[in-house]
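The values are calculated or read from the model by the stated rules, or taken from the named source; none is laboratory data. Note that the coordinates shown come from a computational prediction; the quantities given were computed from them, not determined experimentally. Here the Cβ positions follow ideal geometry from the backbone for every residue, glycine too, while neighbour counts run over all protein chains shown. For the accessible areas, the whole protein counts, side chains as well, though only heavy atoms, and no ligand, DNA or RNA atoms are used. Shrake-Rupley method; radii C 1.70, N 1.55, O 1.52, S 1.80 Å.
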Amino acid sequence: MHFQTEKTVLRCLAAATLVISLIVGWAFELRAEARTPAVGTLSPAALKRIDDTIRNEIATGKIPGAILLIQQHGKPVHFECFGVRDPDTGLPMTPDAIFQIYSMSKAVTSVAAMMLVDEGKLALDDPVSKYIHSFAKTKVGVDVSDEAGEYPLKLEPLKRPITIRDLLRHTSGITYGFLGRTQVQKLYANPLLYAGDFDNADFADRIAVLPLDDQPGTHWNYSHSTDVLGRVVEVVSAQTLYEFEKQRLFDPLGMSDTAYYILDSAKFPLIAKGFPVDRSRVAGIRDPTLPRRWESGGAGLASTTRDYARFLQMLLNGGELDGKRYLKRETVALMTSDQIGPETGIIHDLFYFPGPTSGFGLGFAVRTSSPPGTSWPLGEYRWDGAGGSFYFVDPVDYMLGVFMVMSPTQGGRIQLNLKTMIYEAMGKGLRKD
C-alpha cells in the first residue's frame, strides 16, 4: 500500500497555506528561490531525478513521506515535500512537519559544549570526572573468555581519565548497546539502563558504573558519549540542557520548533510518523509528546527542516548568523577537522560509521578523501539519525543539505543514494551526462 499518487499528492506550497503565517511566508520564499537557483551549479535534470527517486520510494511503500532541502550561499536552491507526514491519517507532508532527529541531536549538544569552551568555562582536556564525580571510579571491561565458553569481564583501571575531547570525538570508551558485539556492549543493552523517569544526572551516573569498552583515547566507538556531554553542559551552565540550548541557540537562531518534547498539543498533528514497522525502534527514545525528565543530548531532539537548516547555516558561516556570533570561527574549524587521523593512533571500531573516506571531528564525520569515481569535496562534514534523516555541510561549495524522513529501516540506503545524486547534480559524482 502506498500513499502518493498523481491525484492525491498536494504540493508543498499549497499545503503550506494551511499553517500559520510565519511558516507560510517562509514556504513561499523557499519555493520562489527554489524555482530559480541562487547559483547555476545544480543540474535541473539531476534534481528532477532526485525528486523522482524519492517519489518512487513512496510509491513503492518504502517510506511514507520526506522533505529535501538543498541550500547554497545562504539561499534555498531546491526544496520539496513528498508524500505524507502521517501514514495513519494521510495528512500531507508540509514545511512545518516536525521530525524526531535522533543522532542529529549530537551536533547541537556538541556546539553547546563548545560554546562553553569558547567562554573559558570548559576545557577540552578537562577530565569528565571534574564535572561528573561518578566517573572517577569508572573501569575498563576486558573480555577474558575461557575454554568452557564463559565470558567473564576483568575490570582494569583507566590509563588516563576520560576527557571532554573524548566525549566529543567518541573516543571515551563508552559504547552503545545496539551493536552487541562485545560483552561490555551487551551490558549497555540492558533495558534497566532506561528504566524509570530519570534525568540527565541520573543517566550519566548509570553510564559511569558500567565498564568502558576500551581505554579512553584508543578507539573510535559510537556511543552515549554525547549524552554524558549533555550532562557536563548542565553542570557547567547550572541549567538543564534544554534551558541552555533554548537560551543560547534555539531562541536566537529562531529554532522555534526544536525541543526534546513537544508540549503544545496543537503541534501534535505536525509530528512525522513512520510506518508501524518503523516505530519505537531506538532504545530509550519514546513518543516526543510524552515529556520525561531525560533530555538525551545524543538522540532526543525533535526539529523541523527550517530550524535545522538555520543551525547548519550558522556553522557554514563559521559560527555566525544574521550578525550574531555563536562560536569562534577557529572553533568551528577545529570541530570540523579530523581529530582521529593516523597520527593519533586511534583505532577505528569495527562499526566505523563515518566510512573509509572520512575521519571524525568534534561532533561530526569529516570527509578526508573523495570516494572512488567522485570529486566530492574534502572537509564536508555531516551526520544522520536513526530515523533516516541526514544532513551535510559542504564548505567548498558553500552548500548544505537536509533530508528529513521517519523510516529507520530504509534511511541508510536512501541516504547514500540521495547524497550521490546531489553531487551528481553538481557534476561531482559518477554520472557523466
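Residue count for segment 383-433 under the criterion of being open to solvent by 50 Å² or more (accessible area, probe 1.4 Å), basic (Lys, Arg) and touching a residue at least 24 places away in the same chain (Cβ under 8 Å): the result is 1. When every residue of segment 279-300 is checked against the conditions, none turns out to be farther than 27 Å from Gln100 by Cβ, within 20 Å of the chain's Cα centre (by Cα) and surrounded by fewer than 20 Cβ atoms within 10 Å (Cβ to Cβ).
Can you work out which of the residues in segment 215-238 that are part of a loop (DSSP other than H, G, I, E, B) and over 18 Å from Asp118 (Cα atoms) is most open to solvent (accessible area, probe 1.4 Å)? Here the answer is Thr218.
Determine whether Phe244 is modelled with pLDDT of 95 or more, open to solvent by less than 10 Å² (accessible area, probe 1.4 Å) and touching a strand residue (DSSP E or B) at 6+ places or on another chain (Cβ under 9 Å). When the stated conditions are applied, Phe244 does not pass them. When segment 153-187 is filtered for residues that are in a helix (DSSP H, G or I), out of contact with any Phe, Trp or Tyr (no Cβ under 6 Å at 6 or more places or on another chain) and of a type outside the set (S, T, N, Q), the ones remaining, listed by number, are Ile164, Arg165, Asp166, Leu167, Leu168, Val184, Lys186, Leu187.
When the criteria are applied in full, Leu158 meets the requirement of being of a type in the set (A, V, I, L, M) and touching a Ser or Thr at 6+ places or on another chain (Cβ under 9 Å). Within segment 163-179, if we keep just the residues that are open to solvent by 10 Å² or more (accessible area, probe 1.4 Å) and more than 21 Å from Pro408 (Cβ to Cβ), the residue that is farthest from the chain's Cα centre (by Cα) turns out to be Thr163. Within segment 359-379, the residues that satisfy the criterion of being touching a residue at least 24 places away in the same chain (Cβ under 8 Å) and within 16 Å of the chain's Cα centre (by Cα) are Phe360, Gly361, Leu362, Gly363, Phe364, Val366.
Please find, within segment 72-98, the residue that is farthest from Leu42 (Cα to Cα) out of those that are of a type in the set (Val, Ile, Thr) and assigned to a loop (DSSP other than H, G, I, E, B). Filtering first and then ranking leaves Thr89.
Only one of (1) assigned to a helix (DSSP H, G or I); (2) open to solvent by 30 Å² or more (accessible area, probe 1.4 Å); (3) closer than 28 Å to Tyr188 by Cα fails for Asp251. Which number is that? The failed condition is (3).
If you go through segment 331-352 and keep only what is open to solvent by less than 60 Å² (accessible area, probe 1.4 Å) and β-branched (Val, Ile, Thr), you end up with Thr331, Val332, Thr336, Ile340, Thr344, Ile346. Do any residues in segment 186-200 that are closer than 24 Å to Leu153 by Cβ and among the hydrophobic types (A, V, I, L, M, F, W, C) have Cβ atoms under 8 Å from those of residues that are assigned to a helix (DSSP H, G or I) and open to solvent by 40 Å² or more (accessible area, probe 1.4 Å), where the two are at least six apart or on different chains, and which pairs are they? Once the first residue is closer than 24 Å to Leu153 by Cβ and among the hydrophobic types (A, V, I, L, M, F, W, C) and sits in segment 186-200, its partners that are assigned to a helix (DSSP H, G or I) and open to solvent by 40 Å² or more (accessible area, probe 1.4 Å) give Leu193/Arg206.
Summed over segment 353-382, the residues that are within 21 Å of Val108 (Cα to Cα) and either among the acidic types (Asp, Glu) or open to solvent by 20 Å² or more (accessible area, probe 1.4 Å) (or both) give a count of 4. Beta carbons closer than 6 Å, at least 6 apart along the sequence or on distinct chains, pair a first residue in segment 314-338 that is farther than 17 Å from Val108 by Cβ and modelled with pLDDT of 95 or more with a second that is open to solvent by less than 40 Å² (accessible area, probe 1.4 Å) and part of a helix (DSSP H, G or I) for Gly318/Val332; Lys328/Asp118. Taking Val402, is it over 21 Å from Thr171 (Cβ atoms) and touching a Ser or Thr at 6+ places or on another chain (Cβ under 6 Å)? For Val402, the condition - over 21 Å from Thr171 (Cβ atoms) and touching a Ser or Thr at 6+ places or on another chain (Cβ under 6 Å) - is met.
Only one of Asp197, Asp202 is surrounded by fewer than 11 Cβ atoms within 10 Å (Cβ to Cβ), touching a Phe, Trp or Tyr at 6+ places or on another chain (Cβ under 9 Å) and either charged (D, E, K, R) or not in a helix (DSSP H, G or I) (or both); which? None of the others qualify; the one that does is Asp197.
Put simply, of Arg325, Arg329, Arg382, Arg306 the only residue that is within 24 Å of Asp257 (Cα to Cα) and more than 16 Å from the chain's Cα centre (by Cα) is Arg325.
Any residue in segment 38-58 that is at pLDDT below 95, among the β-branched types (Val, Ile, Thr) and either assigned to a loop (DSSP other than H, G, I, E, B) or open to solvent by 50 Å² or more (accessible area, probe 1.4 Å) (or both)? Checked against the condition, which is being at pLDDT below 95, among the β-branched types (Val, Ile, Thr) and either assigned to a loop (DSSP other than H, G, I, E, B) or open to solvent by 50 Å² or more (accessible area, probe 1.4 Å) (or both), segment 38-58 yields at least one hit. Can you list residue pairs whose Cβ atoms sit under 6 Å apart, with the first residue in segment 152-174 being on the phi > 0 side of the Ramachandran plot and the second being hydrophobic (A, V, I, L, M, F, W, C) and outside any loop (DSSP other than H, G, I, E, B)? Count only pairs 6 or more apart in sequence or on different chains. Hits for this filter: His170/Trp220; Gly173/Leu212.
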